[in-house]
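Heads up: the structure comes next, in structure tokens.
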2 protein chains.
Amino acid sequence: METITAGKLEIRPAEYLAFADGQPLKLTVRELQLLTALARRADRIVTREELHEAVWGGSYTKADRSVDVYVGKLRQKLEQVSPGCSFIHTHFGFGYRLASTPEASSHPFYRSATDR
Amino acid sequence: METITAGKLEIRPAEYLAFADGQPLKLTVRELQLLTALARRADRIVTREELHEAVWGGSYTKADRSVDVYVGKLRQKLEQVSPGCSFIHTHFGFGYRLASTPEASSHPFYRSATDR
DNA sequence: ACACCGTTTTCACGGCTTTTTCACACGTCA
DNA sequence: TGACGTGTGAAAAAGCCGTGAAAACGGTGT
């Protein structure tokens, strides 16, 4: 049975289960799909287009904010379970990135939108 | 996966990553595009027109200074990461050239606008 | 059929970053 | 020196992103 691991995150898509820091996350279907898509691409910058494609399928327009909204929801729920740990980083103009490393402030390879 | 190498520069456009001297560069979208365009044409003098075409697309007029401005931004960020190394050289009246060689003061083939 | 309720989608505003444009100083060449 | 190319800071414009909230959707129980 497939298990995706990305740092403190663990996802078992087939069982609709996700854990952060060992604790279970109460996610909706979309949230789980998005988190899964991100986790499968951990530590890489992923465009909204690719995420949208992976979760919603079909075409994506710039006006479509669904990815953003769900990233927001995920952040909330992740924060709730393991406060202070930022998993999902924004890369202005590029997309998002799920970090498998706790990542203090600046990553050797990547920078978030907030650290400059 | 494509990797463009030009001396101490390494760019992976598909991952939105660029390194100078092994260190990651914090670039914006335009900056990365311009650096990529330059790197693809490393060691050649490239006109503003060609650069503008490659990055901005569409038509270019002499009054358009966007290439200049972004060359400036790139120089700053490159200087920051590997001081003393000049990557982008100005060729007065012609355009710019990204040097793959550290290039002390005078190059066998090219001279910068500053070393004569 | 209707009301209820959780989820998903869409919308709009505000804050912030990036991009573009402008103006002026400086450099280069004839 | 005069004409024009280039560097650059800063203002202006454009665009990106976080977010709350309304609207739309779908399932359940009565």
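Every number in this text was worked out from the coordinates using simple rules, so none of it is lab data. From a predicted model like this one, the values you see are computed outputs, not experimental measurements. We place every Cβ from the backbone using ideal geometry, glycine too, and count neighbours over all the protein chains shown.
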Original post:
At 25 °C and 0.890 mPa s, what whole-number value in µm²/s does Stokes-Einstein give for the translational diffusion of the protein assembly as shown, with Rh from the Kirkwood sum over Cα pairs?
Top reply: 123
Subject >> Using θ = phi - 60° and Karplus 6.51 cos²θ - 1.76 cosθ + 1.60, couplings along segment A:14-20 (whole Hz; Gly, Pro as x) >> reply: 5, 10, 6, 10, 9, 10, 10
Original post:
Applying the Karplus parametrisation 6.51 cos²θ - 1.76 cosθ + 1.60 with θ = phi - 60° to the phi angles of segment B:73-86, what ³J(HN,Hα) value in whole Hz is obtained for each residue in order, glycine and proline being reported as x?
Top reply: 4, 5, 4, 4, 5, 5, 4, 3, 7, 9, x, x, 8, 9
Original post:
Using a label point 7 angstrom from Cα along Cα-to-C-beta, what distances in nm, from shortest up, separate A:F19 from the other copies?
Top reply: 3.4
Original post:
What does the charge dipole of chain A about its Cα centre add up to, to the nearest 20 debye, if the Cβ of each Lys and Arg holds +1 and the Cβ of each Asp and Glu holds -1?
Top reply: 220
**OP:** Specify which residue in the list A:Y16, B:A42, B:G95 is farthest towards the positive end of the charge dipole of the protein assembly as shown, using unit charges on the beta carbon of Lys, Arg (+1) and Asp, Glu (-1), about the Cα centre.
**Re:** B:G95
Subject >> Length-normalised contact order for chain B - Cα pairs under 8 Å, 6+ apart - percent >> reply: 25
Original post:
Which FRET efficiency, nearest 0.05, do B:Q76 and B:S100 yield, Cβ-Cβ r, R0 22 Å?
Top reply: 0.60
Original post:
Kirkwood Rh over Cα pairs of segment B:4-73 into Stokes-Einstein at 20 °C, 1.002 mPa s: D in µm²/s?
Top reply: 171
Original post:
What gaps in nm, shortest first, separate B:S59 from its twins in the other copies when you place the label 7 Å past Cα toward the beta carbon?
Top reply: 2.9
Subject >> Loop chymotrypsin sites (Phe, Trp or Tyr not before Pro), segment B:1-94, which have at most 10 other Cβ atoms in a 10 Å radius of their Cβ (DSSP) >> reply: B:F92
Original post:
In nm, what does the list of distances from A:F92 to its counterparts in the other copies look like, shortest first, when each label sits 7 Å along Cα to Cβ?
Top reply: 3.6
**OP:** Name all residues of segment B:69-91 having a backbone nitrogen under 16 Å from the label point set 7 Å from the Cα of B:W56 along its Cα→Cβ direction, giving them as ranges.
**Re:** B:69-74
